[in-house]
Each structure stands twice: as C-alpha cells, then as structure tokens.
1. What value, in deg cm²/dmol to 500, does the helix sum -39500 (n - 2.57) over DSSP H runs of n ≥ 4 give at 222 nm once divided by the residues of the chain?
2. How do ARG185, ARG293, ARG81 stack up against each other in accessible area, from largest to smallest, with a 1.4 angstrom probe?
3. Any idea what the dipole of the stretch 317-411 comes to, in debye rounded to 20, about its Cα centre with Lys/Arg Cβ at +1 and Asp/Glu Cβ at -1?
4. To the nearest 20 debye, what is the magnitude of the charge dipole of the stretch 242-343 about its Cα centre, counting +1 on the Cβ of each Lys and Arg and -1 on the Cβ of each Asp and Glu?
5. What do you get for the angle between helix 53-87 and the principal long axis of the chain? Use alpha-carbon atoms, 0 to 90 degrees, nearest ten.
6. 5 Å is the cut-off here: which amide hydrogens, built 1.01 Å from N in the peptide plane, fall below it relative to ILE300, excluding neighbours closer than 5 in sequence?
7. If the label point is 7 Å along Cα→Cβ of ASP97, which residues in the stretch 11-26 have backbone nitrogen under 20 Å from it?
8. Go through the stretch 9-112 and name the GluC sites (Glu not before Pro) that are in a DSSP coil and have 16 or fewer other Cβ atoms within 10 Å of their Cβ.
Amino acid sequence: MGVTGPPGPVMDRDEVDRALARLGAEHEAIETSLLALQDHAGRRLLEGAELTGVTKERWASAEASITLLWAYFDAYTGALRGAREIRSRRRWSSREDLVELTELLRGECVTVAGSVVGSAAGAVETSPPQSTAKLSESFSLTGLVDRMNELYASSLDMVVTADAVWSALPARIDLLAAELQRTRRLAHSVGVRPGEHPAGDDLERITRTLTSLREQVVSDPLAFWVRAQGSSAPGGGRPDTTVYDREARALEDVRREIDAVLTVRQDAEQRLVRLRDLLSRADRTLAEARTARGEVLAKIAATEVPVVSGPPTALQEQLATAAEYRRHAQWHRLSPLLESLEQKAEDELLRARESLSAVTQPLAVRAELRGRLDAYKAKVARHGLAEDPFLIERYDAARRMLWSAPCDLRVAEQAVLRYQQAAAELLTAPRVPDQGGPQDRRGEQ
C-alpha cells in the first residue's frame, strides 16, 4: 500500500485524485482478502472444533483479530466514502475542500470506538496494550491499513497453519489406522495376539498411540506445526510428523514379523519332515556307532573305545511340541522353535557322525594295516621274492595278528613294519643267480 505521509502542504486536485484511486484499490484488495479469510475452510473448521492447548489460545486471539479487522475496515470504508463525497461536491475543488481532503487523507482522522478496540485488544497478540478507559482510537488511513495488514497476517497465519495440519495429518493417520486394522486381522489369523507375542503387544501400543495422536491433532493442530526458519509468510512451515513416522516404522516392523510367521505357516510341514529325517539319520548313525563299538571291543585289543550316547530324546520331545503347534495353528510359537530345532538337529547329526568316526577308528587302522601288508606282498611277488622263506614267515606272523580277534593293533603294526623292512632289504640287495636262493624273475614278467 502507498504511504500518504503526515499532513503537510495542501494537496492539489491531482494529488487528491491519485490518493483516492490508490486508497480505493487498497480498499478493494482488503475487502477481497477479508472475504476470502471469512470463507476459508480452515476458519470454518476452527469455528466448529473443540479446541485445546495452544490452538485454543491462538484461535481466541485470531477471532478477536478478525472482529477488530472488520471494525477497522468499516472505519476505513467510512473515511474513504467521506473523502469521495467531499471530492464529488464540485468538479474543481475549492481550497477549503482541498484542505479538508488533505486532513482526511493524511491526518489521523479515522476514529474507531474504544468499546470495539478494547473488547478485542486483550485477546490480540500483535496489538499494543489498550486502556479500557480510552473512549476511542484515531488512525491515519495509512496507519489503519498497516494495522489491518498486521492483524490480517497473524490471523491468516493461524488459519492456514491449522488447515495445513488438518489437511495432512488426520488423513495420513486414518490411512495408517486402516492398514493397522488389516495387519491386526492378519496377525490374529496366525496367532499373533497381545500377551502371547511381542508383535501383538506392539500392535496394541500402536493402536493406542494413533488414537491419541489423532485426537490431539484434531483438537490442537498448532502443536504439530514446525515453523520454517526465517519465514514470515503465513503458513510458512510444515506439519510435524515425528510421532506418525515413528509409528509407521513400528507397524512396518510388525508386518515383517507377521510375514515371517506366514512363511513358517506355508513351509512348516516341509521343515518338520526335514527335521524328522535329520533326527532319524542321527539315530541310525548312533545305532551304527553302538554296533560298531561292540565289534571293536570284540575284535580290537588294548584300545580305548569312546562310549556312544543314546538318541536325543529332548529333541524328539521338542519336535513333538512343534507338531502340536502346527496342528493348533500356533505359528508365532512354531517359528522360533523350528529355527532352534533345525540348528540342533544339524548339530546332532554332526555329533553322531563324529561319534561313529571315533568308534570305528581302530577298525579303520586295522584295515589300513591289512591293505599295507597286502600291498607289500604284491610288490614282493612282482619282483619274484614271494617264495622267500624269511618273508613268508614275516608275512604269516603279521597276517595272523591282523586277522585274529582280538587284534592288538600296536603289536600288529610292528609286525607289518618288520615285514616291510625285510622286503625292502631283499629288494635292494644284489641278486646272484643259481646259488640255491631265490632268483630275480623280473625279466620273466
């Protein structure tokens, strides 16, 4: 708006006409803004809402500001109408008319009744303190416009801010609440209930938080507004979605947990069959180890043979419990139990195999010694020394020890070594044909 300044030299006719045109344009702009504020959806919502907290305080101030705005506007309208009437008296205004118009357009000649100002000023944050004893308040037209601009900006800021919060948060909360209800139904179908599963407790907490959040947003929207730093424009900022975002993330975590439970429901039978197979293989391996231990004790002498434990009854009981959970659709309990059982079953099968290996080690040693003895005998035969009496004696001694029961592995190993040494000596010794001893028949092979 233009600044006409304080009273000074008497304005001429052209200056008066320009000032009236400018003030008329400002009057139209102010009227349009006030009517738009009056019809603003946010203002209508504020009028009908049961407000609390900072919004209740700010709206009381804004209502008083709007009332005062209309009072000021009426005074402004009256002053502008009076100036136009004076100007329209004659085509060429007299000096007296110009003096009167100068005073009206530049001086503090707009008077607002003190009862109107005093009733609203106490509730308006931006207004200066008013004396209840003041009968009236005077403004220049420019000063009155500035005052109306201040009141309009603060009122519009409050209305726009509340409307922005109401337009953003309740709808988002409702969408999240609808998703929450779908998740609750799905959770109930897979046995995820409050008091029985942490995810069920989380759903109850999220429900309470969203219900409380929506009530607070509806009654006190300004408490959920973050003003933009350095912004003086009405409604400069954004809704505070901190609580909403936190609960949305929490609901997403619950959905992932329920998805995991659903996955358990889909492949539970296959996992149970695999568990039964693992435990059955472990039982068979342990049974084989116990049989092998008896064989080792009967066939191998002077050997420490590990004791073989019995079947894992605790795992079988847990497997039966898992089957019960599946029959009763207690998927939330089945999920962690299956994960634990799968690891334990793998460990049990590994333990059974290690037990079998430890028990059968003496038999493996005996088999290795037998194989070594036969390999050297074949080597000796290829070199034509199979009929050597000394080697035959050493071979028979080692063979009796290895094929007798119980077999002393330490003594048998020494016998095999003696046979190997004797064979090695003969294989490296020079041959003398036709001396009554064994002949080298390698050329005949």
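The values are calculated or read from the model by the stated rules, or taken from the named source; none is laboratory data. All of these numbers come straight from a predicted model, not from anything done at the bench. FYI the Cβ positions are ideal-geometry reconstructions off the backbone, even for glycines, and counts take in every protein chain you see. Note: accessible area is taken over every heavy atom of the protein model, side chains too, but ligands, DNA and RNA are not part of it. Shrake-Rupley method; radii C 1.70, N 1.55, O 1.52, S 1.80 Å.
1. Helix contribution divided over all residues of the chain: -25500 deg cm²/dmol.
2. My answer, sorted largest first, is ARG185, ARG81, ARG293.
3. For this selection, approximately 280 debye.
4. 300 debye
5. 30 degrees
6. Placed amide hydrogens put CYS407 under 5 Å from ILE300.
7. Within reach of a label on ASP97, which here means backbone N under 20 Å from a point 7 Å along Cα→Cβ, the stretch 11-26 contributes 11-24.
8. Answer by residue number: GLU50, GLU108.
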